[in-house]
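Coordinate-derived values only; no laboratory data. The model shown is predicted, which means the values in this text are computed figures rather than measured ones. Neighbour counts run over all protein chains shown; Cβ positions are idealised from the backbone, glycine included.
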Amino acid sequence: MQDSKTISALLTLLGDEDNKIVKTAQAKLLEIGPAAVPELRSRYEGQPLTIKVRLREIINQLQPRDLADNFRKLESEEVKNNLDLEEALFTIARVGYPNLKCDFYRQELDRLSCRIGKELSRWQVIDEHTIVDAVIDTIFRKNEFRGDTQDYYNPQNSFINRVIDRKMGSPILLSALVLLISRRLGLPFRAVGMPAHCILSYPGESDPIFVDPFYGGKIITRDDCYEFLTGAGFGFVEEYLEPINDKELVIRILRNLINVYHRQHNNSRVQELRTYLAIVARRY
């Protein structure tokens, strides 16, 4: 890649003592555009502090355009009107963490799925209840993932990397976390997008098993869902307990984040996220 040599030279110039040279290097890097962002991120850690500060400013300026391109690429070519959930969650995480290295977090998801697989391998007879219990036990009991009941509107609850780091998050991100882990094992958990509270379902012999990740992976009944929905003023219709696809899930996550930043009066972040939402929701 020709730009790689150019980027190397420009990064060196970012550390120059002459402010004019620095500004010229910054302008040239901005001219390369969003295509430069992955390489700039990969080179960030090894730089002196002065260059890191200037490099961060450049990445932050290029970030919205780079992320917009990433969101456009998310839609799955294989599944109409759907997208790659894992890639989408890491793309959303880069809104808050531009230099995020995803490999570590993917390995954590792999590790958790392996633990569930080992747990299931001990059983001679495996039914839906065994599977659900193994997932709940590994993620919520042994690894202590939980809902953030103290600081519900913290943006970190909507970024998959911070959910893994802090072992807490919003209902929808904890639901998404279970989906990413269980899919590595081919387990058919589904997200259920009830108003104001996302849960999970797993196909049962007659009725689905409902799981509430926000409350420690608690098994809940249809009646529990009815009580929650009517108590919250939404009323109850059967459609509220129907699974949603990954695109619908991502749209809800983006809307939640917009609401979070709106509460913080962070208008620039709200506008940025609205742009991404419009890209994901197109043709929806």
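How big is the shadow of the Cα convex hull of the stretch 164-284, averaged over all directions, in nm²?
Numbers: hull surface 36.5 nm².
Average of the hull's projected areas for the stretch 164-284 equals 9.1 nm².
Could you work out the percent of alpha carbon pairs in the stretch 96-244 separated by over 17 Å, rounded to a whole number?
Details: 6763 of 11026 pairs.
Percentage above 17 Å: 61.
Between PHE159, PHE90, PHE104, the Gaussian network model of the chain with springs among Cα atoms under 10 angstrom shows the greatest mean-square fluctuation at PHE104. Estimated purely from DSSP H runs of n ≥ 4, each contributing -39500 (n - 2.57), the mean residue ellipticity at 222 nm for the chain is -18500 deg cm²/dmol once divided by its residues. Here the Debye sum runs over all C-alpha atoms of the stretch 124-188 as equal scatterers in vacuum, and log10 of I(q)/I(0) at q = 0.24, 0.27 Å⁻¹ comes out as -1.01, -1.18.
Can you tell me the FRET efficiency between GLU128 and ASP103 if r is taken as the Cβ-Cβ distance and R0 is 30 Å, rounded to the nearest 0.05? The value I calculate is 0.35.
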